Amino acid sequence: MQAYAREHGIAVHLDGARLWNAHVASGTPLRELAAGFDTVSVCLSKGLGAPVGSVLVGSREHVAAARVWRKRYGAGMRQTGFLAAAGRYAVRHHVDRLAEDHANARVLAAALDVDPATVDTNIVFAEVADPGAFVAGAAERGVRVMQLGPRAVRLVTHLDVSAEDAARAAEVLAALPR
């Protein structure tokens with residue numbers, strides 16, 4: 001796809017909402033993961049614990065053009081210093097701790113008879129016979145699960161899910177009919 005875009009003079013963007021997770025799980029440097037893209041957005045709230053925010057990375061020209069488009073669409077913000085400080089803290093202190101989220105996800109995977117070795121980051125996909133009943137049963141016991149399809153559910157761990165929380169959720173999930 002990148003070659004096609006280059007042939008036709010089209011810039012290529014990477015929505016890097018989960019780029020931090022890919023970096024921590026694979027050990028691949030961020031620069032290498034983003035190679036070949038003109039712009040990359042990285043999320044500061046998904047997994048890193050910042051209250052909101054994403055950062056756009058690219059050449060001066062691409063970032064300047066993005067600022068113009070952001071203003072045209074009315075997406076500018078004022079007085080964002082506190083949010084920027086939270087994002088800066090998250091990048092400095094929470095990237096490496098994403099490995100904890102990945103380990104917690106593997107705990108959930110094992111409880112659902114999903115091979116933990118197939119869980120690279122903080123997302124677990126599991127097949128269940130009745131996702132609606134599974135989601136409802138988990139919710140009744142304080143565990144949030146998302147139905148993903150007619151036979152699939154998704155679970156996501158994050159900064160606010162401790163190892164103890166994951167162990168408790170695993171107990172709940174293991175007891176539910178699948």
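Key figures
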{"item": "G58 being free of Cβ contacts under 8 Å to residues at least 24 places away in the same chain, over 28 Å from V124 (Cβ atoms) and loosely packed, with under 13 Cβ neighbours inside 10 Å", "result": "no"}
{"item": "Condition check for L48: touching a strand residue (DSSP E or B) at 6+ places or on another chain (Cβ under 7 Å) and within 30 Å of V124 (Cβ to Cβ)", "result": "no"}
{"item": "Yes/no for A109 being more than 15 Å from the chain's Cα centre (by Cα) and closer than 30 Å to A129 by Cβ", "result": "yes"}
{"item": "Count of residues meeting criterion [free of Cβ contacts under 8 Å to residues at least 60 places away in the same chain, small (G, A, S) and buried (at least 16 other Cβ atoms within 10 Å of the Cβ)] in the range 1-53", "result": "6"}
{"item": "Lone unmet requirement of (1) crowded, with 16+ Cβ neighbours inside 10 Å; (2) at pLDDT 95 or above for A99", "result": "(1)"}
{"item": "Odd one out for R106 among (1) open to solvent by less than 30 Å² (accessible area, probe 1.4 Å); (2) modelled with pLDDT of 95 or more", "result": "(1)"}
{"item": "Residues (part of a loop (DSSP other than H, G, I, E, B), open to solvent by 60 Å² or more (accessible area, probe 1.4 Å) and more than 18 Å from L98 (Cβ to Cβ)) located in the range 151-178", "result": "R151, P177, R178"}
{"item": "Filtered residues of the range 111-129 (kept if in contact (Cβ under 8 Å) with a residue 24 or more places away in the chain and either surrounded by 15 or more Cβ atoms within 10 Å (Cβ to Cβ) or within 17 Å of A152 (Cβ to Cβ) (or both))", "result": "A111, L112, D113, T121, N122, I123, V124, F125, A126, E127, V128, A129"}
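The values are calculated or read from the model by the stated rules, or taken from the named source; none is laboratory data. Quick caveat, the model's predicted, so the values are computed rather than measured. Positions of Cβ are generated from backbone atoms using ideal geometry, with glycine treated the same way; all protein chains shown enter the neighbour counts. The accessibility values were calculated without ligands, DNA or RNA, using every heavy atom of the protein model including side chains. Shrake-Rupley method; radii C 1.70, N 1.55, O 1.52, S 1.80 Å.
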